[in-house]
1. Can you tell me the alpha carbon radius of gyration of region A:140-180 divided by the globular rule-of-thumb value 2.2 N^0.38 Å?
2. Compute the distance from the alpha-carbon center of region B:93-162 to that of region A:48-83, in whole Å.
3. For the residue pair residue A:19 and residue B:87, what label-to-label distance in nm results when each label sits 7 Å from Cα along the Cα-to-beta-carbon direction?
4. Testing the spin-label approximation: label points 7 Å from Cα along Cα→Cβ at residue A:138 and residue B:313. State their distance in nm.
5. May I ask you to sort B:87, B:234 by Cβ crowding, counting other Cβ atoms within 10 Å and putting the fewest first?
6. Give me the one-decimal Kirkwood hydrodynamic radius in Å for the protein assembly as shown, with the sum taken over alpha-carbon pairs.
7. Between residue B:413 and residue A:191, what's the calculated FRET efficiency when r is the beta-carbon distance and R0 is 30 Å? Round to 0.05.
8. How much length is gained on full extension from residue A:118 to residue A:219, taking 0.36 nm per residue of separation minus their Cα-Cα distance?
């Protein structure tokens, strides 16, 4: 991050600090990736992935790309993984992956396809970047890192950028449409309607009396007593078993009527 | 090795000057250590002080004394509470996910402390003979670091809620993640106007950009503070900062009346203390960031500098900075003492349908203004570009067909409309008699001589 790192990076060398950071975080990133695949619990899996993403963010920053590093942490780790977690938590914490293969040869096929995809991507990147002479960080960050990215984004790559954002918006609208449920007329009850319903004649708008209010016992199974002395059945939760009350419990307290 | 490579860099900013990005990353290791320790101590002391401050201010607003037993004015109350909290029994719920349950408060606290690293406290100062900026560090994307830290801090809350293995914490955690992500968008957008005006994302650069007022269109003087210059951004930042720190009236993740304690229901002892610490540090951080981005940072405002020219030199800026932060913290307490909690759907609607669209329109308008200002058109043309759309908007707003409002019903009409068997109403001409006891109390109080008041 310091000027010293920038100078070193421009000269094609790797500074001591950068080496130390790399050799601490690179194993952590790999461990995170492996943990993400191996962990049985979906939330643990997501947390391992967070570790990998954070390490990558720090790598970007160390390689004098502070903006992309911060964006990696804010957008991927802070927002996207958080939404993943959101869904995983709603699924339930005990939902773990089953180890039984539902399709025969699924694991072998997955490994072969995974290695194939990695090879394809690696080869593609290698072919795309072969023969390109790097300008060096001094050239790229001449006007500052953020300004350099902004310039490229809004001049040379503005078309690509716009197309990508249109794609993202389409995806977001599509997701909203898929999740949208058509409601029948009158199905949605507003706050005003709920209040009118609550205060309609015949409905008692106040809270239910708590169990044990004015009763001769402290048990939650003892109904509260109404002002006229009759038990208020609404005060007991319906899941509680009904209990035979003793004569002493039913009888009025000696203090009453004085 | 570093020194030899840096031999051709420009010389350091003189004492009392605004530090630039070149001034950072050159401190010897012991200065860095002192600064880290100073930031840590500042935050912890501010936390202890803020808890006391909040309790006293809320108490004053509710006409009661508040903590006043331990130390002068009860200042040591929060220290005593903190010590007691640390020695309480640490309960690990049976259904908790042990590792995640343990690391959640740690994540919260670490992120809260880290965010403060880029806050500028003052200009270049001399520390034991070494010229150094009064700021731990600064990077070209410093403000984004705060956003990243608050983004990571959400993990502490969400994981704490999930790992507790119980319903209320889970609901609190889910609520808070939705709330923080929504309000972080509004918060991030409110920074954009500041970045566009200051031309930098580094906090020291933003403070320097607010040192002097500018001129719009070559003749209109503008204030230096971005709070005045970019008022919509300031308002939106202030609102989203309250949402971002889970404070009243946006304290839905820990709504006591609905969720017991929210995400930290199952936490106790030191782990709970860490969550508590993180919440108060986050409050201090958003206040400090507000000071830095909108209220001129560590610089004293005009009435002080006109009387005393040296107000912004040496170590004095630390004082102005702390005063500004304390004033902002007072606003947090004031809000808590004044406003009831919002309903969840109202709160989310406000964030997504009001704050974010208003912010986007404001950024667009500001960008248009800036382009018009930089272009080579004449002043009258520029005024036309600004004035004509403004006039169209105002005319549209004036002549927009308003909805015909229904005649409000009188009370008698509303009473007559009520269906048969409705809940009984008190008589309309009810006169509530003055309580005779209240009268007696007033009379008694008047007879008490002033000298015996202390005993009461």
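Throughout, read-outs are computed from the coordinates displayed, never taken from laboratory work. Model, not experiment: these values are computed from the prediction. Don't worry about glycine lacking a Cβ; one is built from the backbone with ideal geometry, like all the others, and counts go over all protein chains shown.
1. Values: Rg = 15.1 Å, N = 41, 2.2 N^0.38 = 9.0 Å.
Relative to the rule-of-thumb radius for its length, region A:140-180 sits at 1.68.
2. 15 Å
3. 5.0 nm
4. Reported label-point gap for residue A:138 and residue B:313 is 3.8 nm.
5. Working: B:87 9, B:234 21.
Result, fewest neighbours first: B:87, B:234.
6. Working: mean 1/r = 0.0324 Å⁻¹.
Evaluated over the protein assembly as shown, this radius sits at 30.9 Å.
7. Working: r = 23 Å, r/R0 = 0.77.
According to the calculation, E is roughly 0.85.
8. 29.7 nm
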